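Since the structure comes first, as structure tokens, the remarks are kept for the end.
The values are calculated or read from the model by the stated rules, or taken from the named source; none is laboratory data. Remember, it's a predicted structure, so these values are computed and weren't measured experimentally. Neighbour counts run over all protein chains shown; Cβ positions are idealised from the backbone, glycine included.
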Amino acid sequence: MMGLRGISSVRWSCLRIALAGSALMLTAAPSWAEDARVEVLQRQLAERDKVMLELLRRVETLEKQIGVPRAVRDSAGESKSVTVNQSASAPGSVIVTEQMAERALERSLSREGALLLPTGVVEVEPSLTFTRQEDATSRFVTSGGVIIAGETEINANRFSADLDLRLGLPWDSQLELGLPYRRAEVETVTNVGFAPITSTSNSGGGLGDLRIGLAKTVLREGLWRPDLVGRITWNTASGENRDNGVSLGGGFHELQASLTAIKRQDPVVFIGGLSYQHSLEKNRITPGPVIATNLGGAIALSPETSLRLSLSGTYQGETELFGSDIDGSDQVIGSFVIGSSTLMAPGVLLNGALAIGLTDAADDMSIMFSLPIRFNMPLF
């Protein structure tokens, strides 16, 4: 009996040990399975990160090829943002990333004088302009000893090559320099009926007046208020006024003050401006004061291309000669301008504009092309 009891006791102990081992295995199995799943997920995340990094490298390569740089990334992979001539904590400030600052719309606004360059950044802009003007006046002419009614036509082709330089300064300001070269071809034709009886042609050229300007942002855009840029420009009398009997324009000391305002409603920007110009006397001649205004807008068709439309109007007062006004010498100039800008390469913008005269005193047509080149390595 004792032997059977001992065998039963041993069997019962073995059964309890087996049951305990099974329980341990059942409790440990989920832990082993969980560890396996974690390892699989970690491998999948690592593979996904590799794919994302490869895609980012490919996107950056493509953006460099088409001339659209990505925003600068910090070590955490987050985009850094920079302000354009403003503090990030300024009330109503507009934060513009480096990629946005290189958009054609912002570059176009900079060359229009509505946005200023960051501190130390230089922009050089060569430009070419062609202008056509045709005027006709009635007059009496002598033909065969007989005085008859005729007409005098003055057809002028004017060419201008300008070189402008802009430098961003501290305190939201900007230095501006400009030096033009002017050339004009003027043809005078006298007609009787529909037949020309006399024709003369003259041409001349020379350097224009050196321009020196200083611009300052005086108001930042808010909920209702616009960005406002003030500007003072001095046109020196350093250029040639006439050459070979042809007027080249300029030749007078002129001081101009202007305000330019912009209001954003992306992708549209509304632009308005007002200016006043006073000329100093030279050789007993004082050109009349000039008041000018313009109103228009620009739209971003894509990050690389923008389009702008504007109307401009100018009133010039009567010219003084020997201290007396010349009656009828005042004039009103109105024109409609359509322009477009596109990024050619990082830092290089191609700009074009067509102006159509709306009044008799305005040029009939003007075509302008320019190539603003921005050097994004600050000088200071």
| What residue, of 283, 244, is surrounded by fewer than 17 Cβ atoms within 10 Å (Cβ to Cβ) and in contact with a Gly (Cβ under 7 Å, 6 or more places away or on another chain)? | 244
| query | Of the residues that make up the range 232-251, is at least one within 19 Å of the chain's Cα centre (by Cα) and in a strand (DSSP E or B)? | reply | no
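Conditions (1) surrounded by fewer than 19 Cβ atoms within 10 Å (Cβ to Cβ); (2) modelled with pLDDT of 95 or more; (3) of a type in the set (Ser, Thr, Tyr), marked per residue:
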site: 80; (1), (2), (3): yes, no, no
site: 91; (1), (2), (3): yes, no, no
site: 96; (1), (2), (3): no, no, no
site: 101; (1), (2), (3): no, no, no
site: 105; (1), (2), (3): no, no, no
site: 110; (1), (2), (3): no, no, yes
site: 140; (1), (2), (3): yes, no, no
site: 155; (1), (2), (3): yes, no, no
site: 177; (1), (2), (3): yes, yes, no
| Close pairs (7 angstrom Cβ cut-off, 6 or more residues apart or separate chains): under 12 Å from residue 113 (Cα atoms) in the range 218-233, of a type in the set (Asp, Glu) anywhere | 227/221
| task | Using the structure shown, decide if residue 212 is among the hydrophobic types (A, V, I, L, M, F, W, C), farther than 27 Å from residue 263 by Cβ and either at pLDDT 85 or above or not in a strand (DSSP E or B) (or both). | result | yes
| remark: Of the residues in the range 249-280, those that are modelled with pLDDT of 90 or more and surrounded by 14 or more Cβ atoms within 10 Å (Cβ to Cβ) number 21
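Residue check: is residue 336 over 20 Å from the mean Cα position of the chain (by Cα), within 26 Å of residue 215 (Cα to Cα) and not β-branched (Val, Ile, Thr)?
Values: over 20 Å from the mean Cα position of the chain (by Cα): no; within 26 Å of residue 215 (Cα to Cα): yes; not β-branched (Val, Ile, Thr): yes.
No; evaluated as a whole, the condition is false for this residue.
Looking at 247, 203, 238, 199 in this structure, which one is within 30 Å of residue 153 (Cβ to Cβ) and either acidic (Asp, Glu) or touching an Asp or Glu at 6+ places or on another chain (Cβ under 6 Å) (or both)? Full working, then the answer.
Details: 247 fails: either acidic (Asp, Glu) or touching an Asp or Glu at 6+ places or on another chain (Cβ under 6 Å) (or both); 238 fails: within 30 Å of residue 153 (Cβ to Cβ); 199 fails: either acidic (Asp, Glu) or touching an Asp or Glu at 6+ places or on another chain (Cβ under 6 Å) (or both).
Among 247, 203, 238, 199, only 203 is within 30 Å of residue 153 (Cβ to Cβ) and either acidic (Asp, Glu) or touching an Asp or Glu at 6+ places or on another chain (Cβ under 6 Å) (or both).
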| message | Could you check the range 302-349 and list, in sequence order, the residues that are under 14 Å from residue 108 (Cα atoms) and of a type in the set (Asp, Glu)? | response | 304
| field | Single residue of 311, 343 found to be in contact (Cβ under 8 Å) with a residue 60 or more places away in the chain and assigned to a strand (DSSP E or B) | value | 343
| task | Tell me which residues, restricted to the range 355-380, are touching a Gly at 6+ places or on another chain (Cβ under 7 Å) and free of Cβ contacts under 8 Å to residues at least 60 places away in the same chain. | result | 358, 359, 362
| query | Does residue 337 satisfy being part of a strand (DSSP E or B) and surrounded by fewer than 16 Cβ atoms within 10 Å (Cβ to Cβ)? | reply | no
| Since residue 213 meets every condition but one in (1) buried (at least 19 other Cβ atoms within 10 Å of the Cβ); (2) over 20 Å from the mean Cα position of the chain (by Cα); (3) under 29 Å from residue 167 (Cα atoms), which condition does it not meet? | (2)
